[in-house]
Amino acid sequence: MSDAHAILFDVDGTLAETERDGHRVAFNQAFTEAGLGWHWDEALYGELLAVTGGRERITHFVRSRHPAWLAAAGASAQIAALHQRKNAIYAKLVSSGAIPLRPGVAALLHAIEQRGWLLGIVTTTSRANLDVLLASTLGDGTRQRFSVIVCGEDVARKKPDPEAYLRALAQLRLEPAACIAVEDSRNGLLAARAAGLRTVIVRSIYTRSEDFSGASVVYDGFASDGHDGLGLETLEALPAASAALSGRAAQR
């Protein structure tokens, strides 16, 4: 029986499939508005997701594809402006209701609260992006349901570095063994495991082929409408004595 006291959720790809039809679309519109000839198709964006953080992702892209542009005066400022504009576009898109929570997420959050466990968010996305997603999917005031929220601007080193999870543990005043992370990516898994947390993976559109060795259990979705997936029962049943199953992750 699990001895968890808090369940810590990633956001992009985990709570909602925001990447392909949200962030990617917003990046491309920002590039077009700036008169740049850049376009991130679905395949390229999937590759770029190996880099966490929006500004970091743009920088990685131009460093590998357009190094002369990056070397020009004012490139860093333009990257910051592109990222800011992209976030504004993304916020408008999410506010329109175009990006819902993944099926089963809302029910699981409610079940965790009813169980008496704490909810937390540990993400590399910005606080502004998180706020608009929570408000559009769960309603105003939803942030109060989460006992800890750590976003990209709260840390110096983003996932796969464990800093965000370590900060969340410190704010909660809990040991790693008392928490379970819910992630969708290998970077998230590495960050959570490096902080000592048991980690449940719910694969997203872009992460289905990633290596999740070291995860406690791996699902393709959340339990909903009779479909198999991550539900409260899985969280309750995770072994309390170890942070993860040894060897290859159990597949569900």
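The values are calculated or read from the model by the stated rules, or taken from the named source; none is laboratory data. All of these numbers come straight from a predicted model, not from anything done at the bench. Cβ: placed from backbone, ideal geometry, glycine included. Neighbour counts: every protein chain shown.
General observations
- Here Gly35, Gly46, Gly22 are screened, and the one residue that is under 26 Å from Ile7 (Cα atoms) and either in contact (Cβ under 8 Å) with a residue 40 or more places away in the chain or surrounded by fewer than 21 Cβ atoms within 10 Å (Cβ to Cβ) (or both) is Gly22.
- Qualifying residue in the range 39-48 (condition: aromatic (Phe, Trp, Tyr), over 19 Å from Thr124 (Cβ atoms) and either touching a Gly at 6+ places or on another chain (Cβ under 7 Å) or not assigned by TED's automatic domain parsing to the domain that holds Gly139 (or both)): no
- Here Val11 fits the description: closer than 30 Å to Glu113 by Cβ, surrounded by 14 or more Cβ atoms within 10 Å (Cβ to Cβ) and touching a residue at least 24 places away in the same chain (Cβ under 8 Å).
- Qualifying residue in the range 86-101 (condition: among the charged types (D, E, K, R), in contact (Cβ under 8 Å) with a residue 12 or more places away in the chain and not assigned by TED's automatic domain parsing to the domain that holds Asn187): yes
- Selection count where residues are in a loop (DSSP other than H, G, I, E, B), in contact (Cβ under 8 Å) with a residue 40 or more places away in the chain and at negative phi, scope the range 191-220: 5
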